[in-house]
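In what follows, a structure is listed as structure tokens, so that the remarks can point back to it.
The values are calculated or read from the model by the stated rules, or taken from the named source; none is laboratory data. Note that this is a predicted model, so its numbers are computed, not measured. Please note: Cβ atoms are built from the backbone with ideal geometry, for glycine as well, and neighbour counts cover all protein chains shown.
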């Protein structure tokens, strides 16, 4: 399954994922170490494990990034994700909210967001991104589920299952 993250004007950044589950929170995807990614001018393989949660109608995608040097939850503000024949796609609005574990929360890439607002993001979409960023900052600070420990549990379970298939 593929997840296409559209960055304007840079292009499409594609990531290979495995479907984990679908529940009331959305669709859970897993990209283990070695999963491929392709960007407009580069390509490679992930060096870390990642779990992503996406849901149609929601103005963000969540990434649990198992980086040993900076374990974090990333909220990617975006136009609502859409299913495609190959997986999922969303348009990145450049504004992000991170929780660096265990508890440091910050809004990230505000400068990129402001540049994008001058180029390609409409005022209504910018307003929705700002509102959603503020809401998700509070959610991450309070560790509300599934943005508390649920994503990390799913990542551990996916890694364990992937290891048993090797």
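If only one of 94, 130, 74 is surrounded by 14 or more Cβ atoms within 10 Å (Cβ to Cβ) and at pLDDT below 95, which one is it?
94
Looking at segment 31-46, is at least one residue touching a residue at least 40 places away in the same chain (Cβ under 8 Å), crowded, with 19+ Cβ neighbours inside 10 Å, touching a strand residue (DSSP E or B) at 6+ places or on another chain (Cβ under 8 Å) and more than 25 Å from residue 144 (Cβ to Cβ)?
Yes, the conditions are met somewhere in segment 31-46.
Could you check how many residues of segment 52-67 are in contact (Cβ under 8 Å) with a residue 24 or more places away in the chain, under 16 Å from residue 6 (Cβ atoms) and outside any loop (DSSP other than H, G, I, E, B)?
4
When residue 166 is evaluated against the numbered criteria (1) out of contact with any helix residue (DSSP H, G or I) (no Cβ under 9 Å at 6 or more places or on another chain); (2) modelled with pLDDT of 95 or more, which criterion, by number, is the only one it fails?
Result: residue 166 fails condition (2) only.
Please state which one of 7, 55 is at pLDDT below 95, touching a strand residue (DSSP E or B) at 6+ places or on another chain (Cβ under 6 Å) and buried (at least 16 other Cβ atoms within 10 Å of the Cβ).
After ruling out the rest, the residue left standing is 7.
From 76, 70, which residue is over 12 Å from the mean Cα position of the chain (by Cα) and either within 18 Å of residue 149 (Cα to Cα) or outside any loop (DSSP other than H, G, I, E, B) (or both)?
So the residue among 76, 70 that is over 12 Å from the mean Cα position of the chain (by Cα) and either within 18 Å of residue 149 (Cα to Cα) or outside any loop (DSSP other than H, G, I, E, B) (or both) is 70.
Hey, among 46, 77, 140, 53, which residue is touching a helix residue (DSSP H, G or I) at 6+ places or on another chain (Cβ under 6 Å) and within 30 Å of residue 156 (Cβ to Cβ)?
Sole residue among the options that is touching a helix residue (DSSP H, G or I) at 6+ places or on another chain (Cβ under 6 Å) and within 30 Å of residue 156 (Cβ to Cβ): 77.
Output the number of residues of segment 79-89 satisfying the condition of being buried (at least 19 other Cβ atoms within 10 Å of the Cβ) and outside any strand (DSSP E or B).
1
Here is a yes/no grid of residues against (1) touching a residue at least 24 places away in the same chain (Cβ under 8 Å); (2) assigned to a helix (DSSP H, G or I); (3) more than 22 Å from residue 13 (Cβ to Cβ):
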| position | (1), (2), (3) |
| --- | --- |
| 91 | yes, no, no |
| 98 | yes, no, no |
| 111 | no, yes, no |
| 114 | no, yes, no |
| 118 | no, yes, no |
| 137 | yes, yes, yes |
| 140 | yes, yes, yes |
| 147 | yes, no, yes |
| 152 | yes, yes, yes |
